[in-house]
Amino acid sequence: MWLLLAFLSAALLGFYDVFKKESLKDNAVITVLFLNTLFSSLIFLPFIIISATGTALDGTIFHVASGGWEMHKYIVLKSCIVLSSWIFGYFGMKHVPLTIYGPINATRPVMVLVGALLVFGEKLNAWQWVGVLLAIVSFFMLSKSAKKEHIDFKHDKWIYCIVAGAVLGAASGLYDKYLMASPANGGVGLDKMMVQSWYNIYQMFMMGIILLIAVKKPFAKYRGGKPLFPQTEFHWHWSIILISVFLSAADFVYFYSLSLDGAMISIVSMIRRGSVVVSFLFGALLFHEKNLKAKAVDLAFVLIGMVFLYIGSK
């Protein structure tokens with residue numbers, strides 16, 4: 001069951017990336033990201049209120065558990081990690097083709113696997129090592145393909161942003177394993193809906209502060225009259241709402257899959273990166289991006305590497 005949910009989450013994530021790319025086109029990144037956190041919070045706020053004031057959601061998968069600071073401090077930390085990942089990722093995605101962003105972001109399972117090796121003491125078998133090596137090879141192949149579009153991996157700050165976002169995203173995945181695992185298994189044992197609902201709320205407030213400081217004129221004297229982040233003029237697009245809808249749905253399915261017995265974070269994380277197939281297709285069909293044949297080969301190496309990770313993790 002958790003495997004099927006992981007595949008569903010991957011499909012939803014693919015559309016999330018597509019709507020995110022559409023929303024960021026010639027748009028103000030910080031404002032779009034703030035609206036994403038706002039709409040995501042509005043989606044989950046009713047569940048928080050109903051769960052706290054009545055019994056209508058008791059015993060359902062939509063019930064949000066209550067807890068004090070002892071639990072919320074872990075969620076605040078998750079919010080910081082995820083928001084940092086999003087800030088880097090959003091800026092990178094705006095300036096880099098989706099057919100390059102997707103394959104780089106798809107290397108997260110390798111980062112999660114290496115993190116599990118370092119943090120949780122997990123050992124990699126031969127299949128997994130092959131998967132890691134294929135991911136590394138695909139990264140270097142992609143860097144060569146990107147040069148045809150005048151993108152130099154070594155000197156392009158937006159590529160570094162994407163990589164930083166992917167690394168922080170992998171850290172969030174490892175942290176999720178810790179949050180979802182029961183205390184008997186060395187985790188915190190937090191309720192999945194509590195984590196997803198409240199981390200969106202905390203992110204909204206964090207992004208509100210960032211938006212105020214980075215953009216608004218009253219704070220210009222504290223930053224030398226210059227913007228903290230490179231901002232273009234904001235314009236509304238319907239796809240901004242769909243970012244929150246598809247992300248919330250993808251994360252809900254993701255957290256639910258992790259809560260099921262036998263769920264493995266390395267496998268779930270790997271399958272979720274299969275979202276790159278959806279985003280790659282839309283990058284070709286909707287955004288008419290270039291150099292697709294070479295990028296398709298690079299993507300194939302990523303996907304083959306994921307197959308090896310899957311076989312090695314069974």
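Miscellaneous remarks
- In the condition set (1) open to solvent by less than 50 Å² (accessible area, probe 1.4 Å); (2) within 28 Å of residue 288 (Cα to Cα); (3) in contact (Cβ under 8 Å) with a residue 60 or more places away in the chain, residue 128 is compliant with all but (2).
- Residue in segment 212-228 that is at pLDDT 65 or above, within 30 Å of residue 116 (Cα to Cα) and either part of a helix (DSSP H, G or I) or in contact with a Phe, Trp or Tyr (Cβ under 8 Å, 6 or more places away or on another chain) (or both) present: no
- Scanning segment 139-157 for residues that are in a helix (DSSP H, G or I) and more than 21 Å from the chain's Cα centre (by Cα) yields a count of 7.
Quick grid of which residues meet (1) open to solvent by less than 40 Å² (accessible area, probe 1.4 Å); (2) not hydrophobic (A, V, I, L, M, F, W, C):
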{"position": "57", "(1), (2)": "yes, no"}
{"position": "66", "(1), (2)": "no, yes"}
{"position": "83", "(1), (2)": "yes, no"}
{"position": "88", "(1), (2)": "no, no"}
{"position": "91", "(1), (2)": "yes, no"}
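- When restricted to residues that are among the hydroxyl-bearing types (Ser, Thr, Tyr) and more than 17 Å from residue 248 (Cα to Cα), segment 1-48 contains 1.
- Neighbours by Cβ (under 9 Å, 6+ apart or cross-chain): first from segment 171-198, among the polar types (S, T, N, Q); second outside any helix (DSSP H, G or I) and open to solvent by less than 50 Å² (accessible area, probe 1.4 Å): 182/188; 182/189; 196/64; 197/64
- Flag for residue 34 being touching a Ser or Thr at 6+ places or on another chain (Cβ under 6 Å) and either open to solvent by less than 10 Å² (accessible area, probe 1.4 Å) or closer than 23 Å to residue 169 by Cα (or both): no
- Scanning segment 145-162 for residues that are in contact (Cβ under 8 Å) with a residue 60 or more places away in the chain and either under 21 Å from residue 303 (Cα atoms) or touching a Lys or Arg at 6+ places or on another chain (Cβ under 7 Å) (or both) turns up 145, 149, 159, 162.
- Which listed residue, of 269, 279, 244, is under 15 Å from the mean Cα position of the chain (by Cα), surrounded by 20 or more Cβ atoms within 10 Å (Cβ to Cβ) and modelled with pLDDT under 80: 269
- Odd one out for residue 207 among (1) closer than 11 Å to residue 30 by Cα; (2) open to solvent by 50 Å² or more (accessible area, probe 1.4 Å); (3) at pLDDT 90 or above: (2)
- Candidates 148, 123, 154, 144 - the one that is within 18 Å of residue 306 (Cα to Cα), open to solvent by 40 Å² or more (accessible area, probe 1.4 Å) and among the basic types (Lys, Arg): 123
- Just one residue in the set 92, 102, 115 is over 25 Å from residue 292 (Cα atoms) and among the small types (Gly, Ala, Ser); that residue is 115.
- Residue in segment 158-177 that is more than 17 Å from the chain's Cα centre (by Cα) and either at pLDDT 85 or above or part of a helix (DSSP H, G or I) (or both) present: no
- Every residue from segment 9-61 that is assigned to a loop (DSSP other than H, G, I, E, B) and either touching a residue at least 24 places away in the same chain (Cβ under 8 Å) or of a type outside the set (Gly, Ala, Ser) (or both): 25, 26, 27, 28, 55, 57, 58, 60, 61
The values are calculated or read from the model by the stated rules, or taken from the named source; none is laboratory data. Keep in mind that this is a model prediction, so the values were computed, not measured. Cβ: placed from backbone, ideal geometry, glycine included. Neighbour counts: every protein chain shown. Surface areas here come from the heavy atoms of the whole protein model, side chains and all, with no ligands, DNA or RNA. Shrake-Rupley method; radii C 1.70, N 1.55, O 1.52, S 1.80 Å.
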